[in-house]
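Data first, discussion second: the structure below is written as C-alpha cells.
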Amino acid sequence: MTDDTGLSEIWRESVRSEWCDFNNHLNLAYYILIFDHATDVFHNSLGLNETYRTETGCSTFAVESHALYLAEVHQGDEVFVTTQLLDHDEKRLHYFHRMYHAEKGFLSATNELMTVHIDMGIRKVAPMPAGIRDKAAALYGEHRNLPVPDQRCAAMGIRRK
C-alpha cells in the first residue's frame, strides 16, 4: 500500500490484544513499538542492521523522538507504516513515520525521529561509511520534494553551521 504522499509501506502488523489498554485501544507505548519495528526495516534498507553492527562495531541511537496520536486503532486492526527521510548528514538521519489503518486508510499516528551513528567502541557519534551515506543520499533524492509533513515538529531538525 501507499500513503497520501505516494510512499510505500515498509512495515505492517496487527494490533495485539495485550497492546490495548482499558480504553480498548492501542496503548501509546505500543504505537512506539510498531514504529520501532518500522525503524528497524528502514535502517536495514540503508545497511544499518545487526550484521553491520557486528562487522563494524557501529550502530545508531535515537536522540530525539516526537509522536502524535491522531486516531484510535483497536485489537485486531491491521496497520501499516511509511517512512520519509526528511534530512541526513554524515552522522545523522532525520525521518518521519506515518501509521495508517490498513483497511480504512486513515492516518492513526506519526513518529518523527533523529538518530545518530555511534562508534560502539567509544560510544561516541561518528561518521557513517560512504556506502551508507550514499544510500541515504539516494533515498533523500527521492523524498526531498515530498511535502513536509503537517505533523512535523518545528523544533526538530539538523542544524547546519
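Inside the range 87-141, residues that are out of contact with any Ser or Thr (no Cβ under 9 Å at 6 or more places or on another chain), part of a helix (DSSP H, G or I), over 19 Å from residue 160 (Cβ atoms) and in contact (Cβ under 8 Å) with a residue 12 or more places away in the chain make up a count of 2.
Scanning the range 48-58 for residues being more than 15 Å from the chain's Cα centre (by Cα) and open to solvent by less than 30 Å² (accessible area, probe 1.4 Å) gives a total of 3. Of the residues examined, residue 40 is one that is assigned to a helix (DSSP H, G or I) and open to solvent by 50 Å² or more (accessible area, probe 1.4 Å).
Scanning the range 12-27 turns up at least one residue that is closer than 14 Å to residue 109 by Cα and of a type in the set (S, T, N, Q). Count of the range 74-86 residues, restricted to those that are open to solvent by less than 40 Å² (accessible area, probe 1.4 Å) and outside any strand (DSSP E or B), is 1. Checking each residue in the range 54-73 for being farther than 24 Å from residue 112 by Cβ and either in a helix (DSSP H, G or I) or touching a strand residue (DSSP E or B) at 6+ places or on another chain (Cβ under 6 Å) (or both) picks out 54, 55, 56.
The values are calculated or read from the model by the stated rules, or taken from the named source; none is laboratory data. Remember, predicted model here, so these are calculated numbers, not experimental data. A quick note on method: Cβ atoms are made from the backbone with ideal geometry, for glycine too, and the neighbour counts reach across all protein chains shown. Heavy atoms of the whole protein, side chains included, go into the accessibility calculation; ligands, DNA and RNA do not. Shrake-Rupley method; radii C 1.70, N 1.55, O 1.52, S 1.80 Å.
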